[in-house]
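Visitor: Could you have a look at this structure, given as structure tokens, before my questions?
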Amino acid sequence: MPKTRHADDGTSRRTRTPGPLEARPHLPTVTRFLAPGSGVSAHRHDVHQVVYAGRGVLSVTTEAGSWVAPATRAIWIPAGIRHEHRAYGPTVLHGVGLPVHTNPLHLDHPAVLAVGPLLRELLIAYSDPAADPGAPASRRLLAVLVDRLRQAPQQPLHLPTATDPRLAAVCAIFRNDPADPRPLAALGAEAGASARTLTRLFHAEMGMTFPQWRTQLRLHHALLLLADDVPVTAVAHRCGWSSASAFIDVFRRAFGHTPGQRRARTAVGRGDGGAAAEQAAGGGPGEPLSP
């Protein structure tokens, strides 16, 4: 793959000479295939961006934390936010850039959005590399897409980054082993803080209780394991749930479908937008990119 510079100036395909998708991985409006474990290195845009994995699972990481999105979710990234992407499982990334004055969510921080069937098709169609963004049909498509974004519910799927070293130590324990069963008091003894202090820090820095944060972390980890086709029972065990049924219940309440249905949705994606987008993006594996 030829070396290219980042599109940190926010220039989109609308003002650049068209070229191979692989040669312009950071453009705000793009379709790109990413192999498992690959990613797009840290960069920023001068425009807003919505990223969606039509196939696979996509994570977005900033200094403030990380967001993970399966095929029923998209991630909103405001202009100017430095971020990086990582793929779990064969992933087709659809990115849609929006001008700074177009902010249907009125958000200045990243967020995870629910994606229904219509919004999914709009994101895939508008980011199609064969589409002419200046054509009247594309402008109409974008208008409907923005309207659907305005109505998309936000999902609490953010894992903030801890700043207090004691809280960061506890978070690191669970990132290394989400199934760790120890209560906060035992973890505090290892991190050098009381359970009361850690409880206060979770509220102050994470905006949630310790059990809520732990569930979020486990769901994030579960999505990544499922993207690698790890069996549901094994995922439940490795993420700390007492049984597969308990895991399925929490997963359904968080995402609106079971882990098995998630795999079915991914299979459908491979048969339409996912496969077509992979072919359009070159069909080959992506690779980690450096600035």
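The values are calculated or read from the model by the stated rules, or taken from the named source; none is laboratory data. The structure presented is a predicted model; accordingly, all values stated were derived computationally and were not measured. Cβ coordinates were reconstructed from backbone atoms using ideal geometry, including for glycine residues, and neighbour counts include every protein chain displayed. Heads up: the accessible areas ignore ligands, DNA and RNA and are worked out on the full protein's heavy atoms, side chains in. Shrake-Rupley method; radii C 1.70, N 1.55, O 1.52, S 1.80 Å.
Visitor: Would you check which residues across segment 221-246 are within 14 Å of D177 (Cα to Cα) and either open to solvent by less than 10 Å² (accessible area, probe 1.4 Å) or part of a loop (DSSP other than H, G, I, E, B) (or both) and list them?
Guide: Result: A222, V235, A236, C239, G240, W241.
Visitor: Return only the number of the condition from (1) surrounded by fewer than 22 Cβ atoms within 10 Å (Cβ to Cβ); (2) in a loop (DSSP other than H, G, I, E, B); (3) modelled with pLDDT of 90 or more that G37 does not satisfy.
Guide: (3)
Visitor: Also: Quickly run through segment 49-104 and pick out the residues that are within 14 Å of T29 (Cβ to Cβ) and open to solvent by 30 Å² or more (accessible area, probe 1.4 Å).
Guide: Residues satisfying the conditions are A79, P99, T102.
Visitor: Confirm whether R140 is outside any strand (DSSP E or B) and either basic (K, R) or under 24 Å from A227 (Cβ atoms) (or both).
Guide: yes
Visitor: When you go through P181, P133 one by one, which is the residue that is assigned to a loop (DSSP other than H, G, I, E, B) and exposed (fewer than 11 other Cβ atoms within 10 Å of the Cβ)?
Guide: P181
Visitor: While we're looking at this one, here's another question. Would you please list the contacts, defined by Cβ atoms under 8 Å and residues six or more apart or on different chains, that run from a residue in segment 88-114 that is within 20 Å of L159 (Cα to Cα) to a residue that is of a type in the set (D, E) and open to solvent by 20 Å² or more (accessible area, probe 1.4 Å)?
Guide: Going by the 8 Å Cβ cut-off, the qualifying pairs are Y88/D228.
Visitor: Right, another one. Just wondering, is there one or more residues in segment 189-207 that are within 27 Å of V115 (Cβ to Cβ), crowded, with 16+ Cβ neighbours inside 10 Å, at pLDDT below 95 and among the small types (G, A, S)?
Guide: no
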